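Below you'll find the structure, written out as structure tokens, and then a few comments.
We did not get these values from a lab; they are worked out from the coordinates using the rules stated. If you're wondering where the values come from, they're calculated on a predicted model, not measured in any experiment. Every residue, glycine among them, receives a Cβ derived from its backbone with ideal geometry; neighbour counts consider all protein chains shown.
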Amino acid sequence: MPPLPKVVYVDTNVIIEAVRTGCWKSIAQRFAIHTVATVRDEALKVPAEKSGYVPVDPPAISRHVTVETVNPADILSASVRASGILALDAGERDLLAHVAARHDAAWVVTTADKAAVKTACALGLESKLVSLEELAEASGSKPKLHEWHLKRWLSKVRSEFLLDQF
């Protein structure tokens, strides 16, 4: 795998897991973290049912995350290329559509959602997916992450998608 880029795009699950495991600060110091407004709003929302809720500090998001605006035309374009994008939650949909419309070295950090990983692959982003585990390791952290944030989980889901294409 090539070296990790300086800029990474993250979704709600990644923010919450990084906060939960204590690796948020080290990742934020190592990488320029970007996301979209929908993801930021999801990450900061306090759910009615607080069981298992991980509070995300709004000033930490403001300080460490560049929030970008999603062009509605990008969502439409992405839905033509990968219809499964419309079944994703709004944050994942907006983030993937936004990144897929970019023509630079944009990267995405994946989530616990197999459908989001497979949609990212359908949008041609398979080589730009990186696990939270890889970001944590690159920033000097070794947190106890849920399985779906590990390199091997991402590799497995990405391979499933690619094999299904044959």
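Under 5 Å from the amide H of VAL7 lie the amide H atoms of ALA32, each residue being 5 or more positions distant or on a separate chain, with H modelled from the backbone and absent for Pro and chain starts. Bridgeable aspartates and glutamates around LYS144 (alpha carbons under 17 Å apart, same-chain partners fewer than 8 residues away excluded): GLU17, GLU133, GLU134. Using the Cα centre as the reference, give the magnitude of the dipole from point charges on the C-beta atoms of the chain (Lys, Arg: +1; Asp, Glu: -1; all else neutral), rounded to the nearest 20 debye. The dipole of the chain has a size of about 420 debye. Ratio of Rg to Rh for the chain: 0.94 [Cα atoms; Kirkwood radius as inverse mean 1/r over pairs]. Other residues within the sphere of radius under 12 Å centred on the Cβ of ARG63, judged by their own Cβ, net out at 0 (K and R +1, D and E -1). With +1 on each Lys and Arg Cβ and -1 on each Asp and Glu Cβ, and nothing else charged, work out how big the dipole of the stretch 9-59 is about its Cα centre, in Debye to the nearest 20. The dipole of the stretch 9-59 has a size of about 180 debye. Farthest towards the positive end of the charge dipole of the chain, among the residues ALA43, SER139, THR69, is the Cα of SER139, using unit charges on the Cβ of Lys, Arg, Asp and Glu. Here the relative contact order of the chain, from alpha carbon pairs under 8 Å that lie six or more residues apart, stands at 27 percent.
From most to least packed by mean Cβ count within 10 Å, the peptides 78-88, 21-31 give 21-31, 78-88. Of the GluC sites (Glu not before Pro) found in the stretch 1-60, those in coil by DSSP whose Cβ has at most 16 other Cβ atoms within 10 Å are GLU49. Summing charges over all other residues whose Cβ lies under 13 Å from the Cβ of HIS103, with Lys and Arg as +1 and Asp and Glu as -1, gives 0.
In the elastic network of the chain, a GNM with C-alpha springs shorter than 10 Å, the most mobile of PRO55, PRO143, PRO47 is PRO47. Remark on HIS146: its backbone amide H falls under 5 Å from none of the residues 5 or more positions apart or on other chains, H modelled at 1.01 Å from N. When peptides 154-163, 118-127, 97-106 are sorted by average Cβ neighbour count within 10 Å, with the highest value leading, the order is 118-127, 97-106, 154-163. In this structure, the pairs whose alpha-carbon distance is over 22 Å, taken from LYS45/LYS128; LYS128/LYS151; LYS25/LYS118; LYS118/LYS142; LYS6/LYS151, are LYS45/LYS128; LYS25/LYS118; LYS118/LYS142.
Rounded to the nearest whole Hz, the Karplus-based 3J(HN,Hα) values (6.51 cos²θ - 1.76 cosθ + 1.60, θ = phi - 60°) of the stretch 50-58 follow the sequence 8, 4, x, 5, 10, x, 9, 6, x, with x at glycine and proline.
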